[in-house]
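Note sheet for the following structure.
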Amino acid sequence: MLKGKFPIDKFNSLQTPFYYYDMALLQETLDVVKSESGKYGYHVHYAIKANANPQILSLIAKNGLGADCVSGGEVQAALDAGFPADKIVFAGVGKADWEINLGLDNNIFCFNVESLAELRVINELAKAKNKIASVALRINPEVDAHTHAKITTGMKENKFGINLSLLGGVIDELQKMSNVKLIGIHSHIGSQITDMSAFRNLAIRINEIQEELEQKDIFVENLNFGGGLGIDYYHPNHLSIPAFDNYFAVFNKLLKLRPGQQVHFEPGRSIVAQCGTLISRVLYVKEGEVKKFAILDAGFTELIRPAMYDSYHRMENISSDNATDIYDVVGPICESSDVFGKDVELNSVKRGDFIALRSAGAYGEVMASQYNCRKLPKAYFSDKL
């Protein structure tokens, strides 16, 4: 059974559960992102929501990426980590006044606006500061992402974005506003997308929308396609870096860009997921009449994706190379949903063994909670351990 490589001798002195980040892999991933996007002059803004650990953010900022934020807290985290304000985009369907003001005060690159009501508020707040807010309109392009229902965002029944049938009216009112400037259109159709046809359909749809806008003499400087590129949760040891080459090539092949137009992307999961692993110890092996349970000291308070989305994470007993057995791998939380996986094949498990839950660098530590009065997990880094 192929497994990841971990400094187990150094883990012995650490209190589990904790997150372990392979910073060399993160840098390698960033190198690929920069190389592949750079072929076409595309702009990349890392989606802070995937992982907001300050050391992760610092490395990404040092590599020259921008930041995609969905809250005032994320805007501040991006600024604190060294992301230039002129590379920060601020999305989110429910921006509070103080969050908008934070963006205005720091002269961020763009607000991705999701409704006419929000646009009106941004205009008024910018007017009070005698500023012009740059905005992109987030549209629902009606492109099916073919992904989990809870992370599909580009359809008219979703809470995000402006429906195409309403776009004309929003633009008409925007053009009468004194303190906002339309600089682009934005879309984000979903997350963990592994079918490239969804991105092909998105590029074609944006071409059509651009033609419709031009019939109204509307030209936008920026096209922002959000994020969504998925990773391989089943084979982190074989496929640790997603196919960024194919991803960016789809848009380069199909997009009909106008002179001077800039293209932006907002990847998150695809950059950080594979570099992060949740390390847990086995507390007990419980043998029932029909099941064996490996009970870990980590639960959905540390990694909620399996409980929330029925998501798969590869699990490895990195303490053992013994013959394999089948277990339900569960946590200690007082909820029936605290299950990481059923009928999981692991090298024979005993109390104290380290279990690595792979591909946990995205939506892992950042979504941890203190339910059951548990402590938040610490993080350790390969270059500092």
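We did not get these values from a lab; they are worked out from the coordinates using the rules stated. Please read all numbers here as calculations on a predicted model, not as lab measurements. Cβ placement follows ideal geometry from the backbone for every residue including glycine, while neighbour counts extend to all protein chains displayed.
Here are the numbers for this structure:
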read-out	value
Extension reserve of the Thr194-Leu257 stretch, reckoned as 0.36 nm per residue once the Cα distance is removed	20.2 nm
Approximate shape of the stretch 79-133 as ellipsoid semi-axes (Cα gyration tensor, √5λ), whole Å, largest first	18, 13, 9
Residues Asp232, Asp325, sorted so that the one with the fewest Cβ neighbours within 10 Å comes first	Asp325, Asp232
Label zone at Phe219, where the point sits 7 Å out along the Cα-to-Cβ direction: the stretch 176-211 residues whose backbone N lies under 19 Å	181-186, 207-211
Within a Gaussian network of the chain (alpha carbon springs, distance under 10 Å), most fluctuating of Ala362, Ala91, Ala126	Ala126
Residue order, fewest to most beta carbons within 10 Å, for Cys110, Cys69, Cys373	Cys373, Cys110, Cys69
Dipole-positive endmost among Ala249, Ile204, Ala368 within the chain (Cβ charges, Cα centre)	Ala368
Percent RCO, i.e. relative contact order, over the chain, from Cα pairs under 8 Å lying at least 6 residues apart	20 percent
Nearest-ten-degree value, helix 244-254 long axis tilted from longest Cα axis of the chain	30 degrees
Ranked Val89, Val44, criterion: other C-beta atoms within 10 Å, fewest first	Val44, Val89
Angle between the chain longest axis and helix 23-38 axis [Cα atoms, degrees, rounded to 10]	30 degrees
Residues whose placed amide H lies under 5 Å from that of Asn112, excluding near-sequence neighbours	Phe90, Ala91, Ala136
In degrees, nearest ten, helix 196-214 long axis to first principal axis of the chain (Cα)	10 degrees
Residue pairs, from the table Lys49/Lys292; Lys3/Lys384; Lys181/Lys256, whose Cα atoms sit over 27 Å apart	Lys49/Lys292
Using a Förster distance of 30 Å, the FRET efficiency for Gln27-Ser348 (Cβ separation, nearest 0.05)	0.25
Asn237-Leu166 FRET efficiency (beta carbon distance; Förster radius 41 Å; 0.05 resolution)	0.30
Calculated FRET value between Lys127 and Asp86, using beta carbons and R₀ = 22 Å, to 0.05	0.50
Difference of contour (0.36 nm per residue) and Cα-Cα distance, Val290 to Lys39	84.8 nm
Label-point separation, Asn12 to Ile326 (7 Å along Cα→Cβ), nm	3.5 nm
Cα-based reach from Lys291 at 20 Å (exclusive), listing lysines while leaving out same-chain residues under 8 positions away	Lys342, Lys350
Magnitude of the charge dipole, the chain, Cβ model with Lys/Arg +1 and Asp/Glu -1, debye to 20	500 debye
Inverse mean reciprocal Cα-Cα distance (Kirkwood Rh) of the stretch 211-370, Å	18.2 Å
Debye-sum result for the chain in log10 I(q)/I(0), which assumes one identical scatterer on each alpha carbon, at q = 0.06 Å⁻¹	-0.26
Compactness relative to 2.2 N^0.38 Å, alpha carbon Rg of the stretch 246-295	2.38
Charge-dipole axis of the chain as Lys and Arg at +1 and Asp and Glu at -1 on Cβ define it, positive-most pick from Val44, Ala128, Ala323	Ala128
